[in-house]
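Here the structure comes first, spelled out in structure tokens, and everything after it is commentary.
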Amino acid sequence: MGARIISWGFYSQQSPEQVAASLKKSHSLDLLISNSVFARPEIWSEQQLAWLPEISGEAAGKLVTDTSERVFMVEPAPGDLKGSKSMLTCSIQGKISEAALKSSRPDLLSIPKG
């Protein structure tokens with residue numbers, strides 16, 4: 001279907017709750033929470049050339065094929081990982097336009113598709 005998935009992330013020594021609190025304090029970033037996972041889902045608007053909050057509605061939880069979705073998550077790190085308490089990940093999936101990619105990962109613009 002022409003969909004792509006790009007994902008990146010890192011581990012933190014802080015708990016997911018501590019990371020979420022720090023993000024809220026330093027960046028006014030409110031995250032949704034479900035089962036100890038904090039998330040910020042967004043959908044790309046070609047008309048506004050911006051990421052918009054994805055709220056419960058017709059696109060939530062469905063495969064995105066005509067635009068792209070970006071999801072930032074803070075979740076507990078795997079139990080066997082020593083020293084880290086949480087994982088911070090971000091992914092972009094769907095039909096990723098150059099403008100959407102430029103807004104999140106401009107470093108990937110020069111990499112050939114494939």
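The values are calculated or read from the model by the stated rules, or taken from the named source; none is laboratory data. All values reported here derive from a predicted model rather than from experimental measurement. Virtual Cβ from ideal backbone geometry, glycine too; neighbours counted across all protein chains shown. Surface accessibility is based on the protein's heavy atoms, side chains included, excluding ligands, DNA and RNA. Shrake-Rupley method; radii C 1.70, N 1.55, O 1.52, S 1.80 Å.
Tabulated values for the structure
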read-out: V19 vs. criteria at pLDDT 95 or above, touching a helix residue (DSSP H, G or I) at 6+ places or on another chain (Cβ under 6 Å) and within 27 Å of K102 (Cβ to Cβ); value: no
read-out: Selection count where residues are aliphatic (A, V, I, L, M) and surrounded by 18 or more Cβ atoms within 10 Å (Cβ to Cβ), scope the range 70-114; value: 9
read-out: Conditions (1) more than 16 Å from K85 (Cα to Cα); (2) touching a residue at least 60 places away in the same chain (Cβ under 8 Å); (3) open to solvent by 40 Å² or more (accessible area, probe 1.4 Å); number of the one not met by Y11; value: (1)
read-out: Restricting the range 50-92 to residues that are more than 21 Å from S34 (Cα to Cα) and either modelled with pLDDT of 95 or more or in a strand (DSSP E or B) (or both), the residue that is farthest from the chain's Cα centre (by Cα); value: A50
read-out: Among (1) open to solvent by less than 60 Å² (accessible area, probe 1.4 Å); (2) under 19 Å from P78 (Cβ atoms); (3) in contact (Cβ under 8 Å) with a residue 60 or more places away in the chain - the single one I6 does not satisfy; value: (2)
read-out: In the range 16-44, the residues that are surrounded by 14 or more Cβ atoms within 10 Å (Cβ to Cβ) and polar (S, T, N, Q); value: Q18, S22
